[in-house]
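Beneath this line is the structure, given in structure tokens, with notes to follow.
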Amino acid sequence: MDAFDTAEFEEYPSEAAWLAARRQGIGSSDAPALIGASKHRTPYEVFCEKIGLELPPPDPRNQELMAWGRELEEPIFRRFQAMVPAYRLYKPTPHHNYVSKVEPWRRATIDGFALTAGHEEPGPVEIKWAPYLDPDDALLPGYQVQLQHQMGILGAAWGVLVVFARSELVWFEQERHQGFLEALWGLEERFWRKVQRREPPELDGLPGTLAVLLARFPAPTPGFVKPLPEKALRWDAERQHALIETRRWQRVADEQKARLMEAIGDAEAGVLLDGTSYTWRLQTRAGYTVAPSEHRDLRRRKGPLDLSALLETLQPNQEELSDAAETAAAT
């Protein structure tokens, strides 16, 4: 399946060549980071990667998870085929990209394709190994964004997300959401233009961004004092205000947590009217250097997510994301 009306197929001789090609555009694994739906990368990290700046060494734990994910992709794919024979699956060569014929910077590496009697055309299959997720929570926003990006590049009307969550294989057939994609394309295009101008995106305070800044500027120049720009006065004032507000809102959060705990009481879980649920289960910690213990842990599980509101839901305070969300809502 190397021919699509909207995309060209490119194959690379090695992983190094494939990684180099990834820097020539925005891939489906980049898209979740750009809208704040990734737990592992930030827009600033993606920007630095695209312009060739050296990034800090990855967290060894994340590297181990990623290595296992690559190793398990093939057996998960085979298991999915065995469990759902209605899908006829095809797996492309590992080092490839589908490149948009409209905007060549739009790219995607596809884990596999599915054919079924329910659809005239094939759809992409995205494989995930998520040992930290409950099966009920496996439909993560970032996964949906990645699959939508792939469907948009290929012109596919549908796709399948397959997740091995803990010890259970679950899958979700998704339709292409054109309104969301148009908003996503606009956001990605603005980001790519910044990459071309080597103009960094708005900074955030997420750990990944801070780690990149520490790697870029590991040590000061002795005796060098730099006058900061006038707008740094606002940065300082807002930072101090935020620290005060953080302490205040932490107290508010703790108060609401106490109300939820009291309302759940001796139940194991409670459900809100919108479908969101809270569990308050007993957690057991084995004894090693400390004595074993048990405690109840309050956890929130979101209700169904409206994909058209995803951009605004994830990062409502960023102006360009709000504009993109309005575009999606109007479509």
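Readers should treat all values here as calculations from the given coordinates under stated rules, not as data from a laboratory. None of the values given here were measured: they were computed from a predicted structure. Cβ coordinates were reconstructed from backbone atoms using ideal geometry, including for glycine residues, and neighbour counts include every protein chain displayed.
About its Cα centre, what dipole magnitude does the chain give when the only charges are +1 on Lys and Arg Cβ and -1 on Asp and Glu Cβ, stated in debye to the nearest 20? Mind showing how you got there, number by number?
Working: 39 positive and 50 negative charges, 197 e Å.
About 940 debye.
Lysines within cross-link reach of LYS91: Cα-Cα under 18 Å, excluding same-chain residues under 8 positions apart?
Answer for LYS91, where 18 Å is the Cα cut-off: LYS128, listed by chain and number.
Treating region 55-209 as a set of equal point scatterers at the Cα positions, no solvent, please give the Debye-formula log₁₀ I(q)/I(0) at q = 0.09, 0.10, 0.11 Å⁻¹.
Taking Cα atoms of region 55-209 as identical point scatterers yields -0.34, -0.42, -0.51.
Any idea what diffusion coefficient the chain gets from Stokes-Einstein, in µm²/s, Kirkwood Rh on alpha carbon pairs, 20 °C, 1.002 mPa s?
Numbers: Rh = 22.6 Å.
Reported coefficient: 95 µm²/s.
First select every other residue whose beta carbon is under 12 angstrom from the beta carbon of VAL84; then total the charges, Lys and Arg +1, Asp and Glu -1. Can you show the working numbers first?
Values: positive: ARG78, ARG79, ARG88; negative: GLU173.
That sum, taken over residues with Cβ under 12 Å, equals +2.
Search the structure for amide H atoms under 5 Å from the amide H of GLY112, placed 1.01 Å from N in the peptide plane, and list their residues when 5 or more places away or on another chain.
Here the answer is VAL125, since their amide H atoms fall under 5 Å of that of GLY112.
Using every Cα-Cα pair within region 21-66, state what percent have a distance larger than 17 Å. Numbers along the way, then the final one.
Values: 384 of 1035 pairs.
Here the long-distance tail beyond 17 Å is 37 percent of all Cα pairs in region 21-66.
GNM, the chain, Cα, under 10 Å: largest mean-square fluctuation among GLY186, GLY142, GLY123?
In the Gaussian network model the winner is GLY186.
If the reach is capped at under 14 angstrom between alpha carbons, list the aspartates and glutamates near LYS101, excluding any in the same chain fewer than eight residues apart.
Filter leaves ASP2, ASP5, GLU8, GLU10.
Ranked highest first by average number of other Cβ atoms within 10 Å, how do 272-279, 206-213, 80-87 line up?
Details: 272-279: 12.4, 206-213: 17.2, 80-87: 14.1.
For the peptides 272-279, 206-213, 80-87, the packing ranking is 206-213, 80-87, 272-279.
Please name whichever of THR221, PRO207, GLN196 sits farthest to the positive end of the charge dipole of region 114-234, dipole taken about the Cα centre and charges placed at Cβ: Lys and Arg +1, Asp and Glu -1.
Among THR221, PRO207, GLN196, the one farthest towards the positive end of the dipole of region 114-234 is THR221.
How large is ³J(HN,Hα), in whole Hz, for each residue of region 72-80 in order, when computed from phi with the Karplus curve 6.51 cos²θ - 1.76 cosθ + 1.60 and θ = phi - 60°, using x for Gly and Pro?
So the J values, rounded to whole Hz, are 8, 4, 5, x, 5, 4, 5, 5, 4.
How are the Cα pair distances of region 213-274 distributed, in percent, across 5 Å bins from 0?
4, 12, 10, 12, 13, 10, 9, 8, 8, 7, 5, 3, 0
Between ARG190 and LYS226, what is the spin-label point distance in nm, taking each point 7 Å from the Cα along the Cα→C-beta axis?
Roughly 2.6 nm, to one decimal.
Using 0.36 nm times the number of residues separating THR116 and GLU103, minus their current alpha carbon distance, what extension gain do you get?
Working: separation 13, 0.36 × 13 = 4.68 nm, distance 2.93 nm.
My answer for the length gained is 1.8 nm.
Pairs of alpha-carbon atoms within less than 8 angstrom and 6+ residues apart define the contacts here; what relative contact order does region 14-75 have, in percent? Don't skip to the end; give the middle numbers.
Numbers: 24 pairs, mean separation 13.1, N = 62.
Contact order relative to length: 21 percent.
Using the Cα centre of region 1-152 as the reference point, and only Cβ charges (+1 on K/R, -1 on D/E), how large is the resulting charge dipole? Debye, rounded to the nearest 20. Mind showing how you got there, number by number?
Numbers: 15 positive and 23 negative charges, 11 e Å.
About 60 debye.
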